Amino acid sequence: MSRTLPLAYFTSISSNISTWSGTLAASPRFSLLFFSSQPRLSLFSSTPISHYVKNLPAILAMDSSKAGTVKELPVGLDEATEEEYASQSKLLQEFTNISSIDKAWVFKSESGICSQAMFLISQPNLLANKKRKFMLSTSISKESNNNVNFQWAPFPVEMTGVSITVPSPSGSKLLVIRNPENESPTQFEIWSSSRLEKEFRIPQSTHGSVYADGWFEGISWNSDESLIAYVAEEPSPCKPSFDCQGYKQGAAKDKECMSWKGQGDWEEEWGECYAGKRQPALFVINLNSGKVHAVKGIAKSLSVGQVVWAPPVESIDQYLVFVGWSADPRKLGIKYCYNRPCALYAVKVPLYKSEAAQSDLKSMEELTVVNLTQSISSAFFPQFSPDGKFIVFLSAKASVDSGVHSATDSLHRIDWPTDGKLCSSTKIIDVIPVVNCAEDGQFPGLYCSSFLSKPWLSDGCTMILSSYWRSCQVILSVNVLSGEVLRISTADSGFSWNVLTLDGDNIIAVCSSPIDVPQIKYGCLEDKATNTTAWHWLNVSSPIFKCSEKVTSLLSHLQFGITQIPVKDVSDCLTKGAAKSFEAIFVSSKVNNAPDPLIVVLHGGPHSVSLSSFSKSLAFLSSLGFSLLIVNYRGSLGFGEEALQSLPGKIGSQDVNDVLTAIDHVIEKGLVNPSKITVLGGSHGGFLTTHLIGQAPDKFVAAAARNPVCNLSSMVATTDIPDWCYVESYGSKGKTIFTEAPSAEHLTHFYSKSPILHISKVKAPTIFLLGAQDLRVPVSGGLQYARALKERGVETKIILFPNDIHAIERPQSDFESFLNIGVWFKKYCK
């Protein structure tokens, strides 16, 4: 009777066939029998073994083809979900490929008839896991029939390795900065219209990378374009050195053979997004000599940023104006946190005229620094008027004074002395005060995240800027002398608008909605002669936001609206603003025979806002067949200060109830299926997500939480913003009682405000997307909550991104995150 052997055995012995062949050939009647569809070899076969040795590769190939049908699935996927995963990933790829405009600049041509514009554009590069950046140019000409024509360059130019680009005031030069990814020098390039004019390499011994973060970042050309002031990491401090003899006296910055460097004293950083970044410091480079000067006299405790040159005054040394943030008593997280006190400072830079009649620097020894805004707790984004007679700046004093991380802004002005004599008691003039509670339809207050580099109309006193207005972003014109504020973007569509740059007295902007990709708009005053303030907006044909036919078709079947949600318990409101309705953006299918499953989308903060602008990730989820309810609960930006300040001390209750009220509102209108509701949120939105599935466990069929706040009592000891835990949990007294050593009473209070308090009631299957490098909401909190759900038998999925921080915005991580959210929600909404 013959014995049969598995194919695996044959594979294992095949490597030794050459050794065996002589022995086997000597025993021609010995053979092996395999489980195979091929003719079997038996101990009684008369065929010589050499025949099978010769044909071994063919036999192996035939059997392995059968074995190859056994497919190994990625971890976390089963056969039922793999097809959905593949289908959704193709669609998400098409949304991901849509480009975004980061910045734009306009340059007047020599003829003055037309303008030239450059658009800095970004697009996720999934393979490289970076943002791909490129520049696209266009020529702008006004036509006689009140139309405008944009002549786009045929192709963009990729800006490989570029960190920052800043045109000179005249527009004749372009500064390009390339920060190194290691200890290499920082590269400065000066370009003219046709070639590279100059190139400088700044070694690490002078300074580290130039700040390009949008907050400390500041780069400013002087008026004759011979000097550039900028903010960069200060050089690495000296560390103790050791060799075989022990400690080496006279510490050196550079690496040496036969020695090693110790760590030295730990230096505190500014938290999330600034891990490994050294203190921001102020430098000036001379573009003729390439010499770099560190600006002296600034206190070591002061982190500097947002530097601008003051207008030149004949025969007087020129000033640099910058923002300074104090590290006293210590540095707390500053990203997204406007409650860090800051002030405007001025330092006189000693200049002299060179033989070429250009500015040059004298000795930069200890200089006198003047605080220009001592009477206000916050001042940033300084902007000189075109005539140089005053500075305008933003203030987050409402945030600093109350302790909340973001609040209603105010706009201020200080006069700039023409004689160059500054004093610290300069009078601060209010241009736009904090708005506590606006009447319906009226200006709700200023919520501005940045200024244009050139925001002024030709009258020299009107600024153009973007601001939040309830659930929309709008474009405002602000007369900084009279304080008049006008909404100049259209108000009847529910779209959001963002100003990109000015073309003289005309505006280049983008507008979009949750279901409309961005569209470039060109704004003109209808009739300057009659001094009216009506603006006419022209559509601009652009190749920038082109998307696939499939995406266009899917979006065309959607609709959206902004819904007013009445406050449920007005009697609990302490202020008029807190009793006013809040809003939710509702996105749904135009063809609604039966309501689609619903995703409730919750922003973080909590003092942030979800805008009625285009979001690639949310548009992707809409296109999968979900309706979206995007809730701006009380405490959101854009609704006035009283509504915002109603939330601190009531997190986990007021915000949760607002979300439930919004859900009930759309259920009562018959817009959603109450048996297919999911919820999605990140950060404080994740806090609400995990609260909701605990407090209303029968309401939701699934949930997704991105870096959620789950346990305040543990977070307070590990986050970069422990003061946030106090202010949001205790309200106004939280700022006063904040301590680095929470008492048992404090920890008990934090726990009572946390989602983990309700974990025993959770039923909804929940997916967690966590960034392992998150300093804001450390990963341990999300893992603790997810493990506790698993312990209780709740279906749980965790995806941990090892190199991501709080935002989870690296292209691959963002892609995988929303792909898994889509698949997860589809699975539980069948």
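The values are calculated or read from the model by the stated rules, or taken from the named source; none is laboratory data. Treat the numbers as computed from the prediction; the structure is a model and nothing was measured. Neighbour counts are summed over all protein chains in view; Cβ atoms, including those assigned to glycine, are modelled from backbone coordinates with ideal geometry. Keep in mind that these areas ignore ligands, DNA and RNA; they rest on the heavy atoms of the full protein, side chains included. Shrake-Rupley method; radii C 1.70, N 1.55, O 1.52, S 1.80 Å.
Using +1 at the C-beta of Lys and Arg and -1 at the C-beta of Asp and Glu, which of 326, 343, 385 has the Cα lying farthest in the positive direction of the dipole of the chain?
Value computed over the given set: 326.
What figure, in Å² to the nearest 10, do you get for the accessible area of residue 191 with a 1.4 Å probe and non-protein molecules left out?
90 Å²
What are the residues whose amide H is under 5 Å from the amide H of residue 114, where those residues sit 5 or more places off or on another chain and H is modelled from the backbone?
109
Near the amide H of residue 208, under 5 Å away, which other amide H atoms are found, from residues 5 or more places off or on another chain, if H is placed in the peptide plane?
It is 233, 234, by chain and number.
Taking Cα centroids, how far is the stretch 762-780 from the stretch 288-337 in Å?
First find each Cα centre; the distance between them is then 38 Å.
Can you tell me how much longer the chain between residue 673 and residue 491 gets when fully stretched, taken as 0.36 nm per residue apart minus their C-alpha distance, in nm with one decimal? Numbers along the way, then the final one.
Working: separation 182, 0.36 × 182 = 65.52 nm, distance 3.13 nm.
Taking 0.36 nm per residue and subtracting the Cα distance, the gain is 62.4 nm.
Considering the zone a paramagnetic label at residue 370 would reach in this model (a point 7 Å from Cα along the Cα-to-Cβ line), which residues of the stretch 455-486 have amide N under 17 Å from it?
So the set is empty, nothing qualifies.
Could you tell me which residue out of 594, 554, 716 lies farthest along the dipole of the stretch 549-829 toward its positive end? Charges go on the beta carbon: Lys and Arg +1, Asp and Glu -1, centred on the Cα centre.
Towards the positive end, the residue furthest out is 594.
For residue 505 and residue 570 in one chain, what is 0.36 nm times their gap in residues minus the Cα-Cα distance, to one decimal in nm? Present the calculation step by step, with values, prior to reporting the outcome.
Working: separation 65, 0.36 × 65 = 23.40 nm, distance 4.55 nm.
Result: 18.8 nm gained on full extension.
About its Cα centre, what dipole magnitude does the stretch 431-566 give when the only charges are +1 on Lys and Arg Cβ and -1 on Asp and Glu Cβ, stated in debye to the nearest 20? Could you put the intermediate results ahead of the total?
Values: 7 positive and 11 negative charges, 82 e Å.
That gives the stretch 431-566 a dipole magnitude of about 400 debye.
Dipole size in debye (nearest 20) for the chain around its Cα centre, Lys and Arg Cβ +1, Asp and Glu Cβ -1?
Using only the charged Cβ atoms, the result is roughly 2240 debye.
On a straight-distance basis, which aspartates and glutamates could pair with residue 580 in a cross-link, Cα separation under 15 angstrom, same-chain partners fewer than 8 positions away excluded?
Answer for residue 580, where 15 Å is the Cα cut-off: 439, 440, 569, 572, 641, 642, 655, 658, listed by chain and number.
Residue by residue through the stretch 149-164, what is 3J(HN,Hα) from phi via Karplus (6.51 cos²θ - 1.76 cosθ + 1.60, θ = phi - 60°)? Round to whole Hz and write x for glycine and proline.
Whole-Hz 3J(HN,Hα) from phi for the stretch 149-164: 10, 9, 9, 7, 4, x, 9, x, 10, 6, 9, 5, x, 8, 9, 8.
Could you go through the stretch 794-799 in sequence order and give the Karplus-derived ³J(HN,Hα) for each residue, using 6.51 cos²θ - 1.76 cosθ + 1.60 with θ = phi - 60°, rounded to whole Hz, and x for Gly and Pro?
Once rounded to whole Hz, the list reads 7, 5, 9, 10, 10, 10.
For the chain, list the DSSP H helices whose alpha carbon atoms reach 15 Å or more along the long axis and whose average Kyte-Doolittle value is 0.5 or above?
Details: long enough: 56-67 (16 Å, 0.73); 79-96 (25 Å, -1.04); 654-668 (21 Å, 0.15); 684-695 (16 Å, 0.20); 779-791 (18 Å, -0.22); 811-828 (26 Å, -0.37).
Those that clear 15 Å and a mean of 0.5 are 56-67.
Would you mind calculating the relative contact order of the chain from Cα pairs under 8 angstrom and at least 6 residues apart, reporting the percent as a whole number? Intermediate values should be presented prior to the final figure.
On the way: 1804 pairs, mean separation 64.2, N = 830.
For the chain, the relative contact order is 8 percent.
Evaluate the chain: find the radius of gyration of its Cα atoms, find its Kirkwood radius, and give the ratio Rg to Rh.
Using Cα coordinates only, the ratio equals 1.05.
What percent does the relative contact order of the stretch 102-160 come to when contacts are Cα pairs within less than 8 Å and at least six residues apart? Display every interim value, and only then the final one.
Details: 110 pairs, mean separation 15.8, N = 59.
Once divided by the residue count of the stretch 102-160, the mean separation gives 27 percent.
On average, how much area does the Cα convex hull of the stretch 102-160 cover when viewed from any direction, in nm²? Numbers along the way, then the final one.
Numbers: hull surface 20.5 nm².
For the stretch 102-160, the mean projected area of the Cα convex hull comes to 5.1 nm².
How much FRET efficiency would the formula 1/(1 + (r/R0)^6) give for residue 299 and residue 415, where r is the Cβ-Cβ distance and R0 is 25 Å, rounded to 0.05?
Details: r = 26 Å, r/R0 = 1.03.
In this case the efficiency is close to 0.45.
Could you list the residues of the stretch 674-700 with an amide nitrogen less than 12 Å from a label point located 7 Å from the Cα of residue 795 in the Cα-to-C-beta direction?
Taking a point 7 Å out along Cα→Cβ of residue 795, no residue of the stretch 674-700 has its backbone N under 12 Å.
Spelling out what I want: for every residue of the stretch 174-188, take phi, set θ = phi - 60°, compute 6.51 cos²θ - 1.76 cosθ + 1.60 (Karplus), and round to whole Hz; glycine and proline get x.
Values, residue by residue: 9, 8, 10, 10, 10, 7, x, 9, 9, 8, 6, x, 7, 9, 10 Hz.
If one computes the Cα centroid of the stretch 464-529 and of the stretch 560-632, what distance in Å separates the two points?
Comparing the Cα centres of the stretch 464-529 and the stretch 560-632, I get a distance of 23 Å.
Please calculate the 1.4 Å probe accessible area of residue 158, with all protein chains present, and give it to the nearest 10 Å².
100 Å²
What percent antiparallel are the DSSP beta bridges of the stretch 549-829, to the nearest 5? Intermediate values should be presented prior to the final figure.
On the way: 13 of 38 bridges.
Here the antiparallel bridges make up roughly 35 percent for the stretch 549-829.
At a probe radius of 1.4 Å, what is the per-residue accessible area of residue 736, in Å² to the nearest 10?
Counting only protein heavy atoms, the figure is 120 Å².
Would you pull out the residues with amide H under 5 Å of residue 158's amide H, same chain only if 5 or more places away, H placed 1.01 Å from N?
Long-range HN contacts for residue 158: 135.
Ordered by packing density, taken as the mean number of other Cβ atoms within 10 Å over each peptide's residues, highest first, how do 386-397, 740-751 rank? Write down the numbers at each step before the final one.
Values: 386-397: 19.8, 740-751: 13.5.
Top to bottom by mean Cβ count within 10 Å: 386-397, 740-751.
Under a plain spin-label model, where a point goes 7 Å from the Cα along Cα-to-Cβ, how far apart in nm are residue 761 and residue 89?
It works out to 3.9 nm between the two label points.
Counting Lys and Arg as +1 and Asp and Glu as -1, each charge on the Cβ, what is the dipole of the stretch 680-823 about the Cα centre in debye, to the nearest 20?
On the way: 13 positive and 13 negative charges, 89 e Å.
So the magnitude is around 420 debye.
For the chain, what does the helix formula give at 222 nm: sum of -39500 (n - 2.57) over DSSP H segments with n ≥ 4, over the residue count, nearest 500 deg cm²/dmol?
On the way: 18 runs with 168 residues, N = 830.
Computed mean residue ellipticity for the chain: -6000 deg cm²/dmol.
For residue 546, go through the aspartates and glutamates and keep the ones whose alpha-carbon is under 14 Å away, minus same-chain ones fewer than eight residues off.
Answer for residue 546, where 14 Å is the Cα cut-off: 94, 516, listed by chain and number.
Protein chains only, probe 1.4 Å: how do 427, 763 rank by accessible area, largest first?
Numbers: 427 155, 763 125 Å².
From most accessible down to least: 427, 763.
At a Förster distance of 56 Å, what's the computed FRET efficiency of residue 256 paired with residue 144, Cβ-Cβ distance as r, to 0.05? All intermediate terms of the calculation are to be shown ahead of the outcome.
Working: r = 72 Å, r/R0 = 1.28.
With a Förster radius of 56 Å, E is 0.20.
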